[in-house]
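**Q** Below is one structure. I have some questions about it.
Since every read-out is calculated from the coordinates, none of them should be taken as a lab result. What you are looking at is a predicted structure, and each value in this text was computed from that prediction instead of being measured. Backbone-built Cβ (ideal geometry, glycine too); neighbour counts: all protein chains shown.
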Amino acid sequence: MNETDAIRQRHSVRQYKPDRIEDDKVALIKAKIHELNAEGNLHLQFIEDADKTYNKLFNKVAGLGSAPSVIACVGKDTPGLDQRVGYYGEKLVLYAQTLGLNTCWTGTFNRKNITADISEGERLVISIAIGYGKEPGKAHKSKSIDKLTESKGQTPEWFNKGVEMALLAPTAINQQKFLIKLNPDESVEFIDKGGVLSQVDIGIVKCHFEIGSGKLQRTE
């Protein structure tokens, strides 16, 4: 399964089986995290026992209390952290999908109970529930292309493919508050329209667009 396949197959999953993730897959996840942390200057962490991370009422009702493990998205609290967390975190989410695992980006969780290592000057941005889902999840409804893109004239095929993948990106409460703008010089802008965790969303969208278009996008 390549990254494009993973994008098409991956959906947010909120209810999990009690099965723990096998040691060999845990090792692969940790190795991928080490790689992404080095590349993105982050401190992503795999926590095998989610314990009471998702014990808030909202999480229990949604089913997230069943998640066996969690990824803490931590990094130095500098400008651009949220966007980098979204970009590199989504790379990890898609990698997990290729391993047969399910995930859910989660902004609402018990920050006091998550056993993350947060050093001075670092910030915990968001968490990612991970494990084996009871179901594979469902596709979310998407806004139309004309509401999420801006361009003049005919758009090149690489841009269209990038947008196709970007529209499949998970965003906070499925808000899709972004705009992908193709400039006359064929540079691409990702415009944040605000909202909950919108900069994390921009990072995720950039990751998807890059995979679809094959063109590297600068992550703030």
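**Q** E135 versus K25, label points 7 Å from Cα toward the beta carbon: distance in nm?
**A** Distance between the two pseudo-spin positions: 2.0 nm.
**Q** Expressed in nm², what is the orientationally averaged projection area of the convex hull enclosing the Cα positions of the stretch 16-140?
**A** For the Cα atoms of the stretch 16-140, the hull's average projected area reads 7.5 nm².
**Q** Take the alpha-carbon centre of the stretch 43-95, take the same for the stretch 173-197, and report the distance between them in whole Å.
**A** The two parts, judged by their Cα centres, are 23 Å apart.
**Q** For the stretch 170-176, take each phi angle, set θ = phi - 60°, evaluate the Karplus expression 6.51 cos²θ - 1.76 cosθ + 1.60, and give the result in whole Hz per residue in order, putting x for glycine and proline.
**A** Listing the rounded values in order: x, 9, 4, 6, 6, 7, 6 Hz.
**Q** While we're looking at this one, here's another question. How are the alpha carbon pair distances in the stretch 72-126 distributed across 10 Å bins from zero to the largest one, expressed in percent?
**A** 22, 49, 27, 2
**Q** Give me a comma-separated list of calculated 3J(HN,Hα) values for the stretch 146-161, in order, Karplus coefficients 6.51, -1.76, 1.60 applied at θ = phi - 60°, integers in Hz, x for any Gly or Pro.
**A** Here the 3J(HN,Hα) series is 5, 8, 10, 9, 9, 6, 10, x, 6, 8, x, 4, 4, 5, 4, 5 Hz.
**Q** Whole-Å semi-axes of the stretch 145-213's equivalent ellipsoid, largest first, each the root of 5 times a Cα gyration tensor eigenvalue?
**A** Square roots of five times the eigenvalues give 20, 12, 10 Å.
**Q** Ignoring everything except DSSP H segments at least 4 long, calculate the 222 nm mean residue ellipticity for the chain; use -39,500 (n - 2.57) per segment, divide by total residues, nearest 500.
**A** On the way: 7 runs with 79 residues, N = 220.
Taking each H run of at least 4 residues, the total per residue is -11000 deg cm²/dmol.
**Q** Mind listing the phi-derived Karplus ³J(HN,Hα) values for the stretch 193-200, rounded to whole Hz, using 6.51, -1.76 and 1.60 with θ = phi - 60°, and x for any glycine or proline?
**A** 8, x, x, 5, 6, 5, 6, 4
**Q** Can I ask one more? Where in the stretch 131-160 does the label zone of N174 land, with the point 7 angstrom along Cα→C-beta and an amide N cut-off under 16 Å?
**A** 136-145
**Q** Take every DSSP beta bridge with both residues inside the stretch 84-220 and express the antiparallel ones as a percent of the total, to the nearest 5.
**A** About 85 percent, rounded to the nearest 5.
**Q** Okay, moving on. Tell me, in nm to one decimal, what length is gained between E39 and D185 on full extension, where the rule is 0.36 nm per residue of separation less the Cα-Cα distance?
**A** Full extension of this stretch gives 49.7 nm more.
**Q** With a Förster radius of 30 Å, plug the Cβ-Cβ distance of K17 and N160 into 1/(1 + (r/R0)^6) and report the FRET value to the nearest 0.05.
**A** Efficiency computed from Cβ-Cβ geometry: 0.20.
**Q** When the chain is treated as a GNM, springs tying every alpha-carbon pair under 10 Å, which of P170, P136, P184 comes out with the largest mean-square fluctuation?
**A** P184
**Q** Once amide H atoms are placed 1.01 Å from N in the peptide plane, what residues at a sequence separation of 5 or more from G75, or on another chain, have their amide H within under 5 Å of its amide H?
**A** H43, R123, V125
**Q** Relative contact order of the chain: what whole-number percent is it, with Cα pairs under 8 angstrom and at least 6 residues apart?
**A** 26 percent.
**Q** Name the residues whose placed amide hydrogens come within less than 5 Å of the amide hydrogen of T149, ignoring near sequence neighbours (fewer than 5 apart) on the same chain.
**A** HN-HN under 5 Å from T149: I180.
**Q** How big is Rg to Rh over the chain, alpha-carbon atoms, Rh as the Kirkwood inverse-mean-distance radius?
**A** 0.96
**Q** Enumerate the amide H contacts of G133 below 5 Å, restricted to partners 5 or more residues apart or on another chain; note that Pro and chain-start residues carry no placed amide H.
**A** Correct list: K17, N102.
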